[in-house]
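Notes follow once the structure below has been shown.
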Amino acid sequence: MVDNFASETLSLPMRVRDREWLCRDSMLPMDFSGQRFLLPADVHQLEELRLAFGVYLRQAGVATDDATRWQLVFMEAATNAIVHGSDEDPRKKIEVAWSISDGIIRLEVADPGPGLPLEQFKASLPADPLQTFGRGLYLIQHTCDEVELWKGSSGFRLVMTGAVPVLPAPAEANDDLLSAALVEISQCYESLAAFYRLGDALIAAERITDFLQQATADIVKVVPHDRISLHFQPGLQPSLLSELLAMPISVCEKAADTLVERVLQGGNEWVWQTLEEVAADAVWHDYACGFCVPLRAGGITLGVLTVARLRQPYFVASELSLMRTYADLFGIALANANNALVRDREREALREVEIAAEMQNDLLPLPTDALATGGRAVVRRRTARSVAGDYVDICPTPDGGLLLAMVDVMGKGISAALFAGMVRTALRINVEMGQSVGRLLEDINRVLCRQTGELTLFATCALVYLTPKRDRALLVNAGHCPTLWLGSGANGPSREFQPSGPPLGLFPNTRYTVEEQPLAPGDQIVLVTDGLYEWETTGDMAGAWARLAGLIRERREEGGAALWETIQQKIQADAPGQPDARDDQTLLVWECGA
């Protein structure tokens with residue numbers, strides 16, 4: 001049983017049924033020459049489909065004026081399905097189908113939306129003809145002989161039918177129609193064969209250029225043309241792009257090719273059917289019809305495939321569909337080749353980082369307790385990357401003293417680690433020469449300035465020289481965060497030693513001031529890098545340092561190992577969701593022995 005609804009404005013039967021009943025019973029058998037498309041809800045897809053619909057109508061013998069009106073009906077119905085039925089969400093799909101049988105054209109448009117209320121189809125021409133809505137339904141109801149609205153849980157389908165005059169057929173029309181059908185069937189088989197050959201070639205090809213050249217040669221067999229070309233985005237990996245541009249079919253210069261540039265920038269295909277449409281294009285102005293289709297993968301346009309003919313006939317829908325298939329496979333091949341190069345580069349970079357980390361462990365090892373004669377030392381480090389830019393050292397001096405060094409190189413990663421290695425080499429050489437701590441720092445600075453030249457590389461550094469009796473400390477600081485001295489006992493005195501000059505590697509003639517601090521058993525000297533307090537995001541670095549220094553004073557009796565754990569727990573508590581350090585973090589705590 002079918003319910004009928006009548007409208008005074010639209011004196012046509014309106015039938016409403018659920019979608020399952022519709023799909024099972026209401027779809028009339030489609031003529032063999034009919035066509036059906038499933039496409040994303042994207043209005044940019046409609047222009048090409050409108051052109052294909054026009055080609056279909058002309059090939060079926062529909063008069064030009066009638067074909068134009070039905071193309072307008074198609075655009076209005078399909079635009080409503082995308083804008084109102086699919087919310088212009090490309091993830092949703094709309095379905096379009098058309099056929100002609102016995103002089104009756106049948107056009108169907110389906111979308112996943114709830115459908116139009118019946119009242120909206122009782123439309124008349126808007127009072128203001130210039131308004132942007134209302135004319136479409138008026139056009140549909142006055143062009144079609146019958147309009148059906150089908151609604152259901154799966155969506156909405158609009159079925160429009162109407163009688164159209166067909167131009168008189170020449171003699172032997174049936175034979176011509178049969179021949180056309182056989183040609184179309186033959187082309188479909190050839191297209192399918194080309195698709196399988198293309199898939200095999202994609203798997204077997206050692207290089208992407210071999211695949212593309214074989215595939216473009218296959219296009220000639222199924223889509224006759226006078227010119228074919230490939231253009232590629234400059235953002236591809238340089239080695240891949242160079243290989244692609246070496247192919248004869250590739251085009252390097254696209255500045256004058258306005259059609260290709262439009263497709264590269266917008267990502268939408270472009271079809272032209274007259275010379276007037278390409279008259280302004282310096283490349284394609286002599287070609288009567290053509291097709292530019294983007295090579296896409298993962299939503300990214302990687303290039304453009306263009307085919308053109310000097311003379312008509314137009315590219316028919318089956319040819320356009322085939323070219324889209326080729327373009328899709330080309331896009332996949334380009335993305336795979338490009339991603340393979342990226343992965344190779346990343347693996348190479350990762351291996352270089354692993355090698356650098358191994359070198360750092362050999363060249364910049366953390367000091368051991370065996371070096372801490374006359375006291376106890378705790379050293380901890382947490383790197384922001386596999387390779388650190390922080391360098392900490394405990395160096396015995398020729399006179400029996402001990403040198404504590406904390407260095408923080410600008411930046412992170414391999415370059416910072418290499419510069420830290422330069423600092424360590426200069427430090428060790430000058431320590432062996434038995435220089436005073438002030439002269440030592442100044443000589444290291446001059447060496448680094450000569451080595452780096454005009455490169456913008458520098459390092460902050462704090463040095464503490466412990467006398468052979470461990471009863472005094474001489475401290476000097478080159479742009480580093482303060483060094484802390486803590487007297488023994490929970491409430492013992494404390495002192496901060498500030499920088500007395502700029503970082504190393506910037507100014508070769510810098511002089512640094514040395515300060516002295518008496519030591520007693522139980523006193524502690526604490527050296528840190530700024531990664532232990534600059535993880536805060538407040539921007540108040542002075543306040544962040546004051547909070548860290550206060551925490552160190554409060555927890556002085558717990559020892560260096562417990563202090564490190566306390567600081568790390570605070571960082572994790574105050575900055576959750578950051579499993580990796582934002583900057584290298586290093587701590588050295590020296591406690592004088594009895």
Name the residue, out of Ala288, Ala297, Ala317, that is among the small types (Gly, Ala, Ser), assigned by TED's automatic domain parsing to the domain that holds Val260 and in contact with a Gly (Cβ under 6 Å, 6 or more places away or on another chain). Ala297
Top-ranked residue of region 400-426 - restricted to ones that are touching a helix residue (DSSP H, G or I) at 6+ places or on another chain (Cβ under 7 Å) and modelled with pLDDT of 90 or more, ranked as surrounded by the fewest Cβ atoms within 10 Å (Cβ to Cβ): Leu403
Does any residue of region 563-570 turn out to be within 19 Å of Leu475 (Cα to Cα) and either at pLDDT 95 or above or under 44 Å from the mean Cα position of the chain (by Cα) (or both)? no
Tell me which residues, restricted to region 299-344, are under 24 Å from the mean Cα position of the chain (by Cα), among the hydrophobic types (A, V, I, L, M, F, W, C) and not in a helix (DSSP H, G or I). Ile300, Leu302, Val304, Leu305
By my count, strands (runs of 3 or more DSSP E) wholly in region 85-163 with at least 2 residues that are more than 25 Å from Ala52 (Cα to Cα) and either of a type in the set (A, V, I, L, M, F, W, C) or at pLDDT below 90 (or both) are 146-152
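Quick one: which of Ala280, Ala335, Ala308, Ala349 is modelled with pLDDT of 90 or more, farther than 20 Å from Ala52 by Cα and of a type in the set (Gly, Ala, Ser)?
Matching residue, one of Ala280, Ala335, Ala308, Ala349: Ala335.
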Give the residue that is nearest to the chain's Cα centre (by Cα), with candidates limited to residues of region 207-248 that are over 30 Å from Gln312 (Cβ atoms) and of a type in the set (A, V, I, L, M). Leu236
I'm told Leu364 meets every condition in (1) exposed (fewer than 15 other Cβ atoms within 10 Å of the Cβ); (2) in contact with a Phe, Trp or Tyr (Cβ under 9 Å, 6 or more places away or on another chain); (3) at pLDDT below 70 except one. Can you identify the failing condition by its number? (1)
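What about Leu551, is it over 23 Å from Asp471 (Cα atoms) and under 42 Å from the mean Cα position of the chain (by Cα)?
no
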Does Ala520 meet the test of being surrounded by 14 or more Cβ atoms within 10 Å (Cβ to Cβ) and assigned by TED's automatic domain parsing to the domain that holds Gly421? no
Please enumerate the residues belonging to region 431-453 that are hydroxyl-bearing (Ser, Thr, Tyr) and either in contact (Cβ under 8 Å) with a residue 60 or more places away in the chain or in contact with a His (Cβ under 7 Å, 6 or more places away or on another chain) (or both). Ser436
Taking region 261-284 only, how many residues are in a helix (DSSP H, G or I), free of Cβ contacts under 8 Å to residues at least 12 places away in the same chain and more than 22 Å from the chain's Cα centre (by Cα)? 2
Flag if Leu22 is modelled with pLDDT under 80, of a type outside the set (Gly, Ala, Ser) and assigned to a helix (DSSP H, G or I): yes
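When you go through Ala205, Ala180 one by one, which is the residue that is small (Gly, Ala, Ser), surrounded by fewer than 18 Cβ atoms within 10 Å (Cβ to Cβ) and at pLDDT 75 or above?
The conditions single out Ala205.
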Which pairs turn up if I take residues in region 64-81 that are in the same structural domain as Leu139 (by TED's automatic domain parsing) and without any contact (Cβ under 8 Å) to a residue 40 or more places away in the chain and look for partners that are outside any helix (DSSP H, G or I) and of a type in the set (A, V, I, L, M, F, W, C) with beta carbon separation below 8 Å, at least 6 apart in sequence or on another chain? Phe74/Val96; Phe74/Trp98; Phe74/Leu107; Phe74/Val109; Ala78/Ile94; Ala78/Val96; Ala78/Val109
On the given criteria, is Arg511 over 53 Å from the mean Cα position of the chain (by Cα) and either within 30 Å of Glu558 (Cβ to Cβ) or of a type outside the set (Val, Ile, Thr) (or both)? no
When (1) free of Cβ contacts under 8 Å to residues at least 12 places away in the same chain; (2) not in a loop (DSSP other than H, G, I, E, B) are applied to Cys292, the one that fails is (1)
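The values are calculated or read from the model by the stated rules, or taken from the named source; none is laboratory data. The model shown is predicted, which means the values in this text are computed figures rather than measured ones. A quick note on method: Cβ atoms are made from the backbone with ideal geometry, for glycine too, and the neighbour counts reach across all protein chains shown.
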